[in-house]
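Before any comments, here is the structure.
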DNA sequence: TTCCGTTCCGCAAAGCTTTGCGCAAAGCTT
DNA sequence: AAGCTTTGCGCAAAGCTTTGCGGAACGGAA
């Protein structure tokens, strides 16, 4: 193979000194004479020595790996969050192990176990859509495993979390619709157990109230966040005797699916139907009409989540709840008055 | 902390037997009596014992980790490939460590070093756009580190690779344009050092020839695969005295950027300008008009790349070159005759 | 010359697992 | 009853690193 890395032992043998001497020389221990130190360092460079992280891990009882679990890997939203996590992890000399739950509570549990078996030092998790039982998280807590939730969270107060200001954002959207002249504003939400569903729904209702609009249960739809399910939800809205004139979707996927359904139904956006989504920068500008949306600070969300993790393991900081502010970026899909 | 995992030693102490007995009992070694085996297994279950991968790695000289380097993390294309890699890795009990080169040759090198330091057993790489020097890859080869390239490759023959059939795909696109009645077909390519640029360019030219169209150098543009650079390339094409009536972009990002530029220029797709991209399923249907495109089998590409890696480490298979067939999916953006 | 203090380095343990070998006790044969 | 095999388990090494402690050699001082 030749595949073997050079070890301290190799260097020691070649220099005819003991392993401890080599180790100390490389770490600038004062017990080692300057000449010896230089000799060792030179050879180490030549042989491209780098300490074996397995041995170090065993010794120090740390793996410098953290586990990240997201509902899926292929959505830009999560990819971007992961990117943020990775940026801080890299600075700290940590690697991240990524697993996807595929929105399944079962797979989420499985991934947690796998990552634990791999000896990650902590877990950063975005809940799967299905997750209702929080027992496995409480288990982790009891075992003292650092845990951070982002975007979709639970057990707030006990566990550090970072989310967007969902209620405020949903309120912004509703008021924006109102200002643009829309009066029957619908909301396509997600599963009730998700905090993002609940918070955005609450913000939506608060927004309606602020505008003196009634809350019409007919205008509140649910879907399971899949493309098809979102289209069906929109389809139901369109079949209403008194259909909405504006709708906002709870996330990227939903917004795009809704857009398609509206178009196929022969309605024009924004003239016949206003549309606003929750998404990150990238996708919103690709579609036509460009999507007015709440832009998530995804990269920052990831980075903050990582920060919370390191705060925990470095300073044993108490669980903090970070709420990131969002921006309503007005584009074409809600500009009723501009066309 | 309590954060410690139970070890064989813990089990051994609790059962008043030796560590080796515990180890053998768990591995069903015949030397151990059935009663002892059961007793050990029960306690192991109770204490949730799982072997320490660091210790195992040290012993067996394997980490069960593989490194993956992609040009970026946030593009659906790579995310989907990674998803494919992960699916096989998971089956084989391997974890993947993901790094992004950000299209920089420097960062690519850096990532390789980092992953090597982390003791990955092999590397699956999609070249950065900048990479011209292949020295560091040859180094890996000499050291006997399993290496697989996907999508953007080099050193073919020496290293296992999996790519799309780029030339054939580009030919298909060109002929499709011709059949739709387009006659001045432009191609926006990427950096010359990338095989995907060269192969698609070759296929483009061959396609023109097959249709008895001349190869006009004016119609061949290059960009650095960024959004802005692609738009500028398209802008140059539009300013030509004799501009194209169809264009195909070398990848997702380019295709979308081109689409925007065309629209902002006041041209209609597909009537005034045909457009075809190289992309995966997801994005093509989100934009309007829906994008005719060569769909990459991204997930499969990732999975195949992982297969080649395991072939190498399990059977020491010689470097294979896998070429995946693509599909031309005709949608709206090139349907000149249907509107 | 003897003793003490530096200076510089090696031994060994710990962290966890697997496995070849050795060893004791029990069971069997003659 | 003596000698053999089998059964069931423990010792120790190897894989790699760090670090407390012990120790040799050498210098200087008395």
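The values are calculated or read from the model by the stated rules, or taken from the named source; none is laboratory data. Not measured: the values here are computed from a predicted model. Glycine gets a Cβ as well: all are built from the backbone with ideal geometry, and neighbour counts include every protein chain shown.
So, residue A:177, is that one more than 14 Å from chain B (Cβ to nearest Cβ) and outside any strand (DSSP E or B) or not?
On the way: more than 14 Å from chain B (Cβ to nearest Cβ): yes; outside any strand (DSSP E or B): yes.
In short, yes.
Out of all the residues in the range B:230-253, which are surrounded by 16 or more Cβ atoms within 10 Å (Cβ to Cβ) and part of a loop (DSSP other than H, G, I, E, B)?
Matches in the range B:230-253: B:243, B:244, B:245, B:250, B:251.
Which residue out of A:67, A:84, A:93 is within 13 Å of chain B (Cβ to nearest Cβ) and assigned to a helix (DSSP H, G or I)? Can you show your working first?
On the way: A:67 fails: assigned to a helix (DSSP H, G or I); A:93 fails: assigned to a helix (DSSP H, G or I).
Exactly one of A:67, A:84, A:93 is within 13 Å of chain B (Cβ to nearest Cβ) and assigned to a helix (DSSP H, G or I), namely A:84.
How many residues does the range B:20-61 contain that are within 14 Å of chain A (Cβ to nearest Cβ) and on the phi < 0 side of the Ramachandran plot?
Of the residues in the range B:20-61, the ones within 14 Å of chain A (Cβ to nearest Cβ) are B:44-45, B:47-61.
From what is left, the residues that are on the phi < 0 side of the Ramachandran plot are B:44-45, B:47, B:49-60.
Result for the range B:20-61: 15.
Hey, among the residues in the range B:10-55 that are outside any loop (DSSP other than H, G, I, E, B), without any contact (Cβ under 8 Å) to a residue 12 or more places away in the chain and away from DNA strand D (no atom under 12 Å from the Cβ), which one's farthest from residue A:120 (Cα to Cα)?
Per the stated criteria, the residue is B:42.
I'm checking my understanding of the structure. Among residues of the range B:64-87 that are closer than 15 Å to residue A:114 by Cβ and surrounded by fewer than 22 Cβ atoms within 10 Å (Cβ to Cβ), which one is nearest to DNA strand D (Cβ to nearest atom)?
B:64
I need the full set of residues from the range B:117-153 which are surrounded by fewer than 18 Cβ atoms within 10 Å (Cβ to Cβ) and closer than 30 Å to residue B:229 by Cα, in order please.
Correct list: B:132, B:133, B:134, B:135, B:136.
Among the residues of the range A:90-105, which ones are surrounded by fewer than 18 Cβ atoms within 10 Å (Cβ to Cβ) and in contact (Cβ under 8 Å) with a residue 24 or more places away in the chain? First the steps, then the outcome.
Taking the range A:90-105 as the starting set, the residues that turn out to be surrounded by fewer than 18 Cβ atoms within 10 Å (Cβ to Cβ) are A:90-93, A:102, A:104-105.
Matches in the range A:90-105: A:92, A:93, A:102, A:104, A:105.
Residue A:202 versus (1) in a helix (DSSP H, G or I); (2) crowded, with 18+ Cβ neighbours inside 10 Å: which is the lone unmet condition?
(2)
Tell me which residues, restricted to the range A:296-339, are buried (at least 20 other Cβ atoms within 10 Å of the Cβ) and over 22 Å from the mean Cα position of the chain (by Cα).
Scanning the range A:296-339 gives A:333, A:334.
If residue A:170 satisfies every condition in (1) part of a helix (DSSP H, G or I); (2) within 14 Å of chain B (Cβ to nearest Cβ); (3) surrounded by 23 or more Cβ atoms within 10 Å (Cβ to Cβ) but one, which is the exception?
Condition (2) is where residue A:170 drops out.
Do we find a residue being touching a helix residue (DSSP H, G or I) at 6+ places or on another chain (Cβ under 8 Å), within 13 Å of chain A (Cβ to nearest Cβ), over 29 Å from residue B:321 (Cβ atoms) and not in a helix (DSSP H, G or I) anywhere in the range B:256-269?
yes
For the range A:20-39, give me each residue that is surrounded by 13 or more Cβ atoms within 10 Å (Cβ to Cβ) and within 9 Å of DNA strand C (Cβ to nearest atom).
Taking the range A:20-39 and keeping what is surrounded by 13 or more Cβ atoms within 10 Å (Cβ to Cβ), we get A:20-26, A:32, A:36-37, A:39.
Those that are surrounded by 13 or more Cβ atoms within 10 Å (Cβ to Cβ) and within 9 Å of DNA strand C (Cβ to nearest atom): A:20, A:21, A:22, A:23, A:24, A:25, A:32, A:36, A:37, A:39.
Would you point out the residue of the range B:285-318, among those that are in contact with a strand residue (DSSP E or B) (Cβ under 7 Å, 6 or more places away or on another chain) and modelled with pLDDT under 95, that is farthest from residue B:157 (Cα to Cα)?
Selected residue: B:291.
Take residue A:164 and tell me if it is touching a residue at least 24 places away in the same chain (Cβ under 8 Å) and in contact with a strand residue (DSSP E or B) (Cβ under 8 Å, 6 or more places away or on another chain).
yes
State which residue is nearest to DNA strand C (Cβ to nearest atom) when the search covers only the range A:4-19 and only residues that are within 14 Å of another protein chain (Cβ to nearest Cβ) and loosely packed, with under 14 Cβ neighbours inside 10 Å.
A:9
Looking at the range B:270-301, which of its residues are in a loop (DSSP other than H, G, I, E, B), without any contact (Cβ under 8 Å) to a residue 60 or more places away in the chain and more than 13 Å from chain A (Cβ to nearest Cβ)?
B:272, B:273
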